[in-house]
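K.L.:
Sending over a structure as structure tokens; questions will come in a sec.
The values are calculated or read from the model by the stated rules, or taken from the named source; none is laboratory data. Being a predicted model, the structure only gives us computed values, none of them experimental. Glycine also receives a Cβ, built like all others from the backbone with ideal geometry; neighbour counts cover every protein chain displayed.
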Amino acid sequence: MAVAVIYNSRVIPSPLIVLGAGTLIDGYHVEYGENLEAEWTAQMLRLSSNGSFALDLRFDYISENPTESKIYYSQGSVSSEVDFEFVTSVALMQVESVYKVGSSWRDVTYDTIAGIIPNIPKFSDSKSCLIEYRGKFSPEVNLTKTMTKAYALVVRLSWIRVFREKNNGTFYYQWLQGNQPSTKAGRELVVDETYYDISGSFLVYYPIPENVTSPLLPMEFNYVKWIRENI
């Protein structure tokens, strides 16, 4: 999902924050579920100019838990009924800077300033989870690229729900990616302020079996390996 941050030529004392963008997803074989719903809520968010990053998240799965797997191939999708049992959830986050590089508001470039941040929830059941993150992102600006200050920070969110097939133990991974970058009550979110109860939705996909998973690009993050080592 492409995120458009409208450029304003004025000097911005604190970069804007776009929370809840997507694209952190294993995109090769996942099949989007039009009728599947889930929501995210940032119960607290603060990105500080000193590089500290605090985020409390709640994820809620609105639809019934899946009973089938769907694998997308170039010729279409293949589905199969599966007797799932829930294992765990994992949240993925990433922070990027957005820079203006041309005369049009569309002329922007993204620069990753925090690699993929995986997080095991503080609490997780088959329909919801709670995540608390306290860490760092790098606020450094790449002056050789644009000779200007970054005017926005994009916080990308994804949720992986992990299931196991009851009969043979095969692991399945259900992807959800951020869908609706949010603002609080119409206000712009900015660095060095604390915000509460910001909400948005996910795009929800059907579970895929472990044998068709792919590391996340461009960082080649092997999410399956990480989950197996940390659950």
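K.L.:
So which of 3, 95 ends up being of a type in the set (A, V, I, L, M), modelled with pLDDT under 95 and not in a strand (DSSP E or B)? Working first, answer last.
P.N.:
Values: 95 fails: not in a strand (DSSP E or B).
The match here is 3.
K.L.:
Do we have any residue at all in region 132-146 that's under 25 Å from residue 34 (Cβ atoms) and either at pLDDT below 95 or crowded, with 22+ Cβ neighbours inside 10 Å (or both)? Quick ask: steps written out before the conclusion?
P.N.:
First pass over region 132-146, keeping only residues under 25 Å from residue 34 (Cβ atoms): none.
No, that holds for no residue.
K.L.:
Next question. Anything in region 49-75 that is farther than 13 Å from residue 33 by Cα and among the polar types (S, T, N, Q)? List them, or say none.
P.N.:
The answer is 49, 50, 52, 74, 75.
K.L.:
A further question on this structure: State yes or no: is residue 226 among the aromatic types (Phe, Trp, Tyr), closer than 18 Å to residue 114 by Cβ and either at pLDDT 90 or above or not in a helix (DSSP H, G or I) (or both)? Explain how you work it out, then say what you get.
P.N.:
Values: among the aromatic types (Phe, Trp, Tyr): yes; closer than 18 Å to residue 114 by Cβ: yes; either at pLDDT 90 or above or not in a helix (DSSP H, G or I) (or both): yes.
Yes; evaluated as a whole, the condition is true for this residue.
Here's the yes/no breakdown for (1) at pLDDT 95 or above; (2) in a strand (DSSP E or B); (3) closer than 19 Å to residue 85 by Cα:
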residue: 155; (1), (2), (3): no, yes, no
residue: 163; (1), (2), (3): yes, yes, yes
residue: 169; (1), (2), (3): yes, no, yes
residue: 177; (1), (2), (3): yes, yes, no
residue: 192; (1), (2), (3): no, no, no
residue: 218; (1), (2), (3): no, no, no
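K.L.:
Scan region 27-37 and give yes if some residue there is within 20 Å of residue 154 (Cβ to Cβ), in a loop (DSSP other than H, G, I, E, B) and not aliphatic (A, V, I, L, M), otherwise no.
P.N.:
Within region 27-37, the subset within 20 Å of residue 154 (Cβ to Cβ) is 27.
Now restrict to residues that are in a loop (DSSP other than H, G, I, E, B): 27.
From what is left, the residues that are not aliphatic (A, V, I, L, M) are 27.
Within region 27-37 (the criterion being within 20 Å of residue 154 (Cβ to Cβ), in a loop (DSSP other than H, G, I, E, B) and not aliphatic (A, V, I, L, M)), the answer is yes, since at least one residue qualifies.
K.L.:
On the basis of being at pLDDT 95 or above and surrounded by 17 or more Cβ atoms within 10 Å (Cβ to Cβ), does residue 26 make the cut?
P.N.:
Values: at pLDDT 95 or above: yes; surrounded by 17 or more Cβ atoms within 10 Å (Cβ to Cβ): yes.
Yes.
K.L.:
Determine whether residue 120 is more than 15 Å from residue 154 (Cβ to Cβ) and under 18 Å from the mean Cα position of the chain (by Cα). Steps first, please.
P.N.:
Values: more than 15 Å from residue 154 (Cβ to Cβ): yes; under 18 Å from the mean Cα position of the chain (by Cα): yes.
For residue 120, the condition - more than 15 Å from residue 154 (Cβ to Cβ) and under 18 Å from the mean Cα position of the chain (by Cα) - is met.
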